[in-house]
Amino acid sequence: MNAPPPAGSTLRPVRIAGTGAYAPAHVLTNRDLEKIVTTTDQWIVERTGMRERRIAAENEAASDLGAEAARRALADAGMAATDVQLLLAATITPDYPFPNTGCIIQSKIGARHAFCMGLEAACSGFVYAVETARHFIATGTVENALVVGTEKMSSILDWTDRTTCVLFGDGAGAAVLRPAKRGRGVVASALGSDGSLSDLLLIPAGGSRRPTSEATVAAREHYLRMNGREVFKHAVTHMVRSARTALHRAGVVISDVRWIIPHQANMRIIRAVAERLGVPLERFVINVERYGNTSGASVAIALDEAARDGRIRDGDLVLMLVFGGGFTWGAMLLEWEKGS
Ligand code: ACO
């Protein structure tokens with residue numbers, strides 16, 4: 001786990017000053033999936049809580065989804081694209097192995113004065129990216145950052161594998177980060193990883209270890225593979241543990257937190273986390289039934305929805321909880337302060 005800044009630190013507080021999200025128009029329902037693989041609406045609803053997910057068009061890449069979410073976040077923050085100083089895109093479905101998707105989004109939205117990076121932390125990507133970007137602002141290196149979580153998960157799913165293809169969807173979320181004015185902004189965070197478990201959730205081929213070949217494609221090794229049961233156990237354990245660490249670092253207790261925004265991987269995971277933290281589900285932001293698991297976009301989309309519909313208000317403590325391939329996990333506690 002990462003350590004908090006030392007006492008007397010001169011880091012300045014950083015807030016989320018605007019959010020945006022974009023989901024492609026095409027809706028794929030559980031009934032539609034019944035026609036693709038041997039599954040049922042009942043199995044998917046009971047085991048995951050998902051009812052539908054969005055699927056990007058063939059000509060829509062992760063950067064297209066991300067660019068739209070980014071435009072909406074900039075509009076929400078009242079900021080021009082040309083004012084963005086750092087653009088950080090979290091994705092496991094980049095347009096290309098390189099250049100990074102941040103650069104592609106930069107060119108689409110006209111953020112020509114930004115320096116741009118990609119970050120890969122699977123479903124934890126958005127929180128990892130916010131944590132990274134906020135340090136550039138906290139240290140005074142930049143005055144603002146645009147963080148985008150965007151995924152075209154449909155492009156890495158094996159549509160013959162019912163154990164994975166029913167679980168994921170496409171979408172993007174974005175946030176504009178700026179120095180906090182009144183409140184504390186990001187109050188505390190607790191990130192962690194365990195690379196020894198990387199083979200439980202991965203794409204086996206297509207990287208430098210096993211470059212794409214006719215053999216890897218024939219074996220369908222360029223698609224996502226997951227040991228769902230193992231991932232489930234670790235997800236609950238680490239989301240709960242990192243939540244407790246972040247709360248401890250912030251010097252608050254769970255009842256002080258107004259909203260918990262968990263990674264939308266599975267309703268049963270969210271329920272188990274709620275039970276262990278002793279928080280009623282009503283204080284969780286949940287949209288897994290409409291989007292499925294959108295990996296690095298998931299928490300960003302949920303945050304945007306709750307901020308826009310008025311659930312999250314100025315002064316609220318908001319706890320984001322994530323878990324994903326790597327394994328990677330984390331918690332981030334925010335004191336909400338929108339305003340421009
Ligand atoms: N439809 C019907 N039956 C199915 C389906 C399906 N879509 N998928 C699996 N089954 C069957 C299995 O074959 C198995 O049958 P069997 O008992 O005859 O062998 C049975 O259902 C139970 O399978 P389990 O894998 O034990 O089901 P489980 O209750 O564990 O649910 C699930 C599976 C939904 C994947 C769950 O384990 C899960 O959500 N895991 C966590 C996923 C997650 O958190 N991912 C986040 C990270 S993703 C990222 O970072 C990119």
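Starting from the range 23-48, keep only residues that are within 28 Å of LEU303 (Cβ to Cβ), then list their pairs with residues that are within 7 Å of the ligand (Cβ to nearest atom) whose Cβ atoms are within a distance under 6 Å, requiring at least 6 positions of separation or different chains.
Partner pairs satisfying both residue conditions: ASN30/ILE44; LEU33/THR39; LEU33/VAL166; ILE44/VAL166; THR48/ASN266.
Determine whether THR141 is free of Cβ contacts under 8 Å to residues at least 60 places away in the same chain and either in a helix (DSSP H, G or I) or over 20 Å from TRP329 (Cα atoms) (or both).
Yes; evaluated as a whole, the condition is true for this residue.
Have a look at ARG229, ARG249, ARG283, ARG241 and point out the one that is touching a Gly at 6+ places or on another chain (Cβ under 9 Å), surrounded by fewer than 21 Cβ atoms within 10 Å (Cβ to Cβ) and not hydroxyl-bearing (Ser, Thr, Tyr).
Answer to the check: ARG241.
From the list ILE44, ILE105, ILE92, ILE55, which one is open to solvent by 10 Å² or more (accessible area, probe 1.4 Å), of a type in the set (A, V, I, L, M) and more than 15 Å from the chain's Cα centre (by Cα)?
Matching residue, one of ILE44, ILE105, ILE92, ILE55: ILE55.
Does GLY110 satisfy the criteria of being out of contact with any Lys or Arg (no Cβ under 9 Å at 6 or more places or on another chain), at pLDDT 95 or above and surrounded by fewer than 24 Cβ atoms within 10 Å (Cβ to Cβ)?
On the way: out of contact with any Lys or Arg (no Cβ under 9 Å at 6 or more places or on another chain): yes; at pLDDT 95 or above: yes; surrounded by fewer than 24 Cβ atoms within 10 Å (Cβ to Cβ): yes.
Yes; evaluated as a whole, the condition is true for this residue.
Determine whether MET79 is over 16 Å from the mean Cα position of the chain (by Cα) and either outside any loop (DSSP other than H, G, I, E, B) or surrounded by fewer than 22 Cβ atoms within 10 Å (Cβ to Cβ) (or both).
yes
Condition test on LEU197, is it outside the structural domain of ALA61 (by TED's automatic domain parsing) and touching a residue at least 12 places away in the same chain (Cβ under 8 Å)?
Yes.
Residues being closer than 16 Å to SER155 by Cβ and either open to solvent by 30 Å² or more (accessible area, probe 1.4 Å) or not in a helix (DSSP H, G or I) (or both): count how many of those fall in the range 65-76. Walk me through it before giving the result.
We begin by selecting, within the range 65-76, every residue closer than 16 Å to SER155 by Cβ; these are 65-66.
Applying the additional criterion that residues be either open to solvent by 30 Å² or more (accessible area, probe 1.4 Å) or not in a helix (DSSP H, G or I) (or both) yields none.
Here the count works out to 0.
Those residues that are aliphatic (A, V, I, L, M) and either within 15 Å of the ligand (Cβ to nearest atom) or not assigned by TED's automatic domain parsing to the domain that holds LEU197 (or both), I need them from the range 233-260; list them, please.
ALA235, VAL236, MET239, VAL240
Here is a list: ALA133, ALA62. Which entry is open to solvent by less than 40 Å² (accessible area, probe 1.4 Å) and within 16 Å of the ligand (Cβ to nearest atom)? Talk me through it step by step, then tell me what you get.
Values: ALA133 fails: within 16 Å of the ligand (Cβ to nearest atom).
Every option except ALA62 fails the conditions.
Consider ASN266 against the criteria (1) touching a strand residue (DSSP E or B) at 6+ places or on another chain (Cβ under 8 Å); (2) buried (at least 24 other Cβ atoms within 10 Å of the Cβ): it satisfies all of them except one. Which criterion is unmet?
With (1) touching a strand residue (DSSP E or B) at 6+ places or on another chain (Cβ under 8 Å); (2) buried (at least 24 other Cβ atoms within 10 Å of the Cβ) applied to ASN266, the lone miss is (2).
Cβ-Cβ distance below 8 Å, separation of 6 or more or different chains: which pairs start in the range 313-340 with a residue that is of a type in the set (S, T, N, Q) and end on one that is assigned to a strand (DSSP E or B) and more than 10 Å from the ligand (Cβ to nearest atom)?
Sorted first by the residue in the range 313-340, then by its partner, the pairs are THR328/LEU191; THR328/GLY192; THR328/SER193; SER340/ALA17.
The values are calculated or read from the model by the stated rules, or taken from the named source; none is laboratory data. No experiment lies behind these values; they were computed from the predicted model shown. All Cβ positions, glycine included, derive from the backbone under ideal geometry; neighbour counts span all protein chains shown. Surface areas here come from the heavy atoms of the whole protein model, side chains and all, with no ligands, DNA or RNA. Shrake-Rupley method; radii C 1.70, N 1.55, O 1.52, S 1.80 Å.
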